[in-house]
1. Taking the Cβ of each residue in A:Ser197, B:Ser146, B:Ser103, A:Ser51 as the centre, tally the other Cβ atoms inside 10 Å and list the residues starting with the fewest.
2. Averaged across the residues of A:138-149, what count of C-beta atoms belonging to other chains lies within 10 Å of each residue's C-beta?
3. Just to be sure I understand the curve: with the Debye formula and one point per C-alpha of the protein assembly as shown, what is log10 I(q)/I(0) at q = 0.11 Å⁻¹?
4. Rounded to two decimals, what ratio of Rg to Rh does segment A:123-164 give with C-alpha atoms and a Kirkwood Rh?
5. What aspartates and glutamates sit close enough to B:Lys199 to cross-link, taking a C-alpha to C-alpha distance under 19 Å and skipping anything fewer than 8 places away on the same chain?
6. Let me check I've understood the local charge: for A:Glu241, count other residues with C-beta under 14 angstrom from its C-beta, Lys and Arg +1, Asp and Glu -1. What total comes out?
7. Treat every Asp and Glu Cβ in segment A:49-201 as -1 and every Lys and Arg Cβ as +1, leave all other atoms uncharged, and give the resulting dipole magnitude about the Cα centre to the nearest 20 debye.
8. How high is the FRET efficiency from A:Ser68 to A:Val337, r the C-beta distance, R0 30 Å, rounded to 0.05?
Amino acid sequence: MSALIEARHLTKVFGGGTLSRAKGVVALDDFSLTIEEEPPTITAIVGESGSGKTTFARLILGLTEPTSGEVLYRGVDMRKLNRNQRQHFLRDVQVIFQDPFEVYNPFYRIDHVLEEPIANFHLAKSKAQGRQLIADALTSVGLRPEETLGRYPHQLSGGQRQRVMVARSLLLHPRVIVADEPVSMIDASLRATVIDSLRDLNRQFGISLIYITHDLTTAYQLSENIVVLYRGSVAEAGDVEKVVKEPEHPYTRLLIGSIPRPDPRHGWGYEEKGADTTNSGVASLGCRFADRCPNVMSICREKAPPLYQTAPHRATACYLYADAPVAASSKLNDIFVPLSQSPQITPNLAAAAPVNGANGASAERKTL
Amino acid sequence: MNSSILQVHDLRVHYHTRQGVLRAVNGVSFDLAAGERLGLVGESGSGKSTTAYAVMRLIRLPGKIESGQVLLDGLSLLELPEEKMRQVRLAGIAMVAQGAMNSLNPVTRVRRQIEDALRDHDVKMSSQERREWISDLLQRVGLPPSAADKYPHELSGGMKQRVCIAIGICLKPRVIIADEPTSALDVVVQHQVMATLEKLRAELGASVILIGHDMGLMAQAVDRLGVMYAGNLIETGDIQEIFDEPLHPYTKLLMASLPSLEEKESARGIPGMMPSLLNRPTGCPFHPRCPAAFDRCRTEEPKMQTVRTRRDVACHLYTPDTATVPNTTVLEAS
């Protein structure tokens with residue numbers, strides 16, 4: 001078992017340079033996570049805006065450089081990849097961004113973003129096969145190919161544009177997909193369909209997912225393990241069943257209590273009164289949630305709590321659980337629930353997609 | 001005469017595009033009782049926002065309100081001259097639009113933006129009175145009075161949305177239309193903003209039309225729900241009753257598509273897609289996706305009919321309940 005992507009002690013501080021008087025904003029603070037080559041996993045990173053979840057996505061994609069710490073791809077620092085390794089990285093790791101507006105060039109038709117990866121990575125043997133791949137991908141995200149292709153981005157709704165992006169990453173069958181709020185702009189009735197296709201990617205093609213969201217409901221539906229971030233630090237992590245059903249950290253409890261349940265008899269949970277949730281982000285000594293926490297103690301303002309391992313597959317950074325042993329924050333993966341079943345890569349599926357299949361493609365990809 | 005504050009009857013909005021006539025709102029009728037909270041729910045393209053914009057008479061070309069009637073407290077809005085309608089907006093019926101927080105002018109302070117709304121509606125106030133009213137408004141939406149002297153970029157998303165709500169209620173409207181007011185906000189902030197809106201609605205005695213696609217939010221925030229599909233209202237009823245027993249097959253599928261926090265992989269997406277509004281299928285617009293469709297659905301479009309007390313549905317599976325009086329009459333009586 002070797003690590004495909006390994007984030008080690010990632011810290012990202014925005015602003016606060018030597019010439020600036022203002023303190024920097026700590027977007028992510030000493031965060032470590034590993035995505036193994038096998039088995040394919042689904043990990044949810046959950047938090048509000050300003051929690052650092054998108055910063056983490058950008059860091060592991062190599063779109064921004066960490067202030068300290070490093071991201072390794074197959075054991076090599078992202079900043080030191082050679083041309084060949086970088087080529088593999090670009091195919092192995094795909095991303096679906098939050099904002100489906102910025103990723104399109106308004107002068108090109110929608111077809112362009114779908115034909116590009118097919119051409120770049122030689123996914124199809126003929127033009128007709130390419131069209132078929134595109135049509136299948138679009139259909140699987142709930143779009144009508146005949147009504148989508150040939151259009152310009154401004155002619156599609158935000159939701160439709162986002163679904164084209166999901167379709168685009170379906171085309172490539174990479175090893176890891178970083179999905180940053182992929183369904184937040186999609187109608188509720190279609191979310192289930194998109195969540196299903198993401199899950200299929202994982203189960204049928206053995207693709208790992210890093211699912212970044214503010215929506216605990218879809219995170220629960222999709223993931224095995226979850227990391228709840230608050231202002232750049234891990235508040236709670238572990239088995240999604242436990243974290244969602246019996247949240248420990250006061251912040252996780254607030255998040256889950258704020259979800260409007262689709263049941264008029266189930267009252268809306270407790271409302272946080274008067275608090276302004278603007279993220280000052282300025283590094284403070286104690287727990288970052290202390291100002292909003294209903295259970296705040298004096299120690300919370302003095303020193304940030306470590307992660308306490310409160311159960312076999314969960315850890316919480318809160319002094320309420322100070323009796324539990326301390327877990328190393330750099331070893332989040334040791335807390336996670338290991339996958340019980342081996343990946344269900346059915347042989348016929350692997351055989352059916354020899355050109356673009358993810359499995360065993362590494363040998364093939366060497367020839368690219 | 002009756003207790004309904006807003007009556008919408010057979011509203012039709014068409015977009016005249018090069019590809020043909022797009023029927024975005026196709027004969028929508030509903031009544032809104034004084035103080036009532038009505039939710040309009042549907043997928044994108046179902047016509048829920050267009051309905052709201054038509055009620056406000058804010059449809060722009062190539063869109064056009066083809067026919068219908070909108071009565072606000074007996075005043076027929078669609079027949080008013082434009083200048084009179086401009087006065088009714090905000091004063092009689094206000095709208096908090098989707099992403100309204102991004103509509104704030106970035107280069108003027110919050111105070112100035114509220115004053116503009118007051119001045120535009122010829123509100124006569126001394127500067128002292130105006131100052132007090134603005135700080136009162138801001139406090140009502142849960143902001144400190146000092147927020148008036150801030151620029152929008154100095155406020156968080158939730159605070160900006162509260163400023164928009166403050167502008168929305170500054171003339172004490174009878175009806176507030178909230179079009180996905182929290183879709184751009186975090187879940188914790190969403191809860192706060194919705195609680196603020198509800199508190200204000202109760203204080204003003206106003207009615208609210210909440211537009212959105214989040215059934216969870218609807219369950220927590222409205223009394224009555226209208227489900228829209230392809231430009232039609234296809235089911236209305238009390239929120240609890242619809243959640244207990246959805247009648248229209250589309251509503252049933254919509255309920256089943258909700259991801260749950262209790263059970264994994266229970267959600268089922270609705271197969272197929274909303275038909276293109278340019279060429280609506282004949283008969284019921286939902287029949288191509290409907291698991292219960294039969295021959296009649298393909299040829300004859302079902303009309304809204306009252307099948308139970310306060311339950312209207314447009315589906316051939318149901319026959320009108322002759323024992324119950326029509327929905328509107330019940331509203332009048334209540």
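1. Ordered from fewest to most neighbouring Cβ atoms within 10 Å, A:Ser197, B:Ser146, B:Ser103, A:Ser51 come out as B:Ser146, B:Ser103, A:Ser197, A:Ser51.
2. Average per residue, whole number: 1.
3. Here log10 of I(q) over I(0) equals -1.26.
4. 1.00
5. Once the sequence-local aspartates and glutamates are set aside, what remains near B:Lys199 is A:Glu271, A:Glu272, A:Asp276, B:Glu36, B:Asp136, B:Asp179, B:Glu180, B:Asp223.
6. -4
7. Roughly 420 debye for segment A:49-201.
8. With R0 = 30 Å, the Cβ-Cβ based efficiency is 0.55.
Here, each number is a calculation from the coordinates, and none is a lab measurement. What you are looking at is a predicted structure, and each value in this text was computed from that prediction instead of being measured. Counting neighbours? That spans all protein chains shown, and the Cβs are built from the backbone with ideal geometry, glycine included.
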